[in-house]
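Written out below as structure tokens is the structure these notes cover.
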């Protein structure tokens with residue numbers, strides 16, 4: 001029986017890849033990715049020539065059968081994400097379940113994660129936290145989900161697509177109260193990375209006045225505090 005390696009890829013800065021990850025990608029029989037164009041560009045950047053196949057919501061059932069057969073034949077496979085750690089908010093969960101059910105072996109490599117990167121740079125308590133992930137796209141369902149989060153007295157980590165930042169901030173501020181301390185982590189690991197800190201209302205006002213484009217992670221301290229009460233502050237980190 002072969003192995004499936006879960007290989008994290010950089011969330012922005014191409015240099016954030018481990019030596020072990022590169023070695024695994026060079027030596028496995030096939031690399032599985034979500035989007036062929038993205039996976040191919042990543043491998044090419046690191047001068048890795050590999051057999052590449054896609055796994056996404058359109059072909060998942062068929063591919064899982066084929067991949068299980070490859071593992072049964074002793075093949076070594078690697079699953080990568082478009083960015084960050086595979087399976088987390090990406091295709092692959094059903095494949096993991098199928099391999100476990102067939103008593104196959106899975107090896108997860110440590111590496112880049114926007115969750116942990118945003119959490120530790122936020123300046124908010126991270127001894128305990130709740131990963132909300134992506135909230136529902138529809139406003140009514142998103143607000144309902146946020147209402148259920150009010151009771152959680154912990155740090156919340158929220159993901160959303162760049163073009164839905166303002167609607168997200170409006171709903172998070174409206175449903176949670178607006179006074180919660182939060183950090184908006186923008187384009188993590190890129191040269192123009194920055195972290196905006198303030199309460200939810202001030203973050204919303206700042207982003208409405210100074211729109212930006214790019215990936216982000218919102219971290220909210222759901223315990224009302226005045227940690228960043230003096231205003232919305234931005235810090236910039238120069239990635240090397």
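Laboratory data are not the source of any read-out in this text; all were calculated from the coordinates shown. Note that this is a predicted model, so its numbers are computed, not measured. In this analysis, Cβ positions are derived from the backbone assuming ideal geometry, glycine residues included, and neighbour counts consider all displayed protein chains.
Peptides 213-221, 147-155 ranked from most to least packed give 213-221, 147-155, packing being the mean of other C-beta atoms within 10 angstrom over each peptide's residues. Overall, the ratio between the Cα radius of gyration of segment 114-236 and 2.2 N^0.38 Å, rounded to two decimals, is 0.94. Just report the Cα centroid separation between segment 26-105 and segment 144-193, whole Å. Centre-to-centre (Cα) distance: 31 Å.
Cβ neighbours within 10 Å, averaged per peptide: list 102-111, 2-11 in order, most packed at the top.
Output ranking for 102-111, 2-11: 2-11, 102-111.
Helix 36-45 and the longest principal axis of the C-alpha atoms of the chain enclose an angle of approximately 80°. In the set (i) 13.9; (ii) 12.9; (iii) 15.1, which value of mean projected area of the Cα convex hull in nm² was calculated from the structure you see? Recomputing mean projected area of the Cα convex hull in nm² here picks out (i).
Ranked by the mean number of other Cβ atoms within 10 Å of their residues, highest first, the peptides 170-183, 40-53 fall in the order 170-183, 40-53. For the chain, DSSP calls about 55 percent of its internal beta bridges antiparallel.
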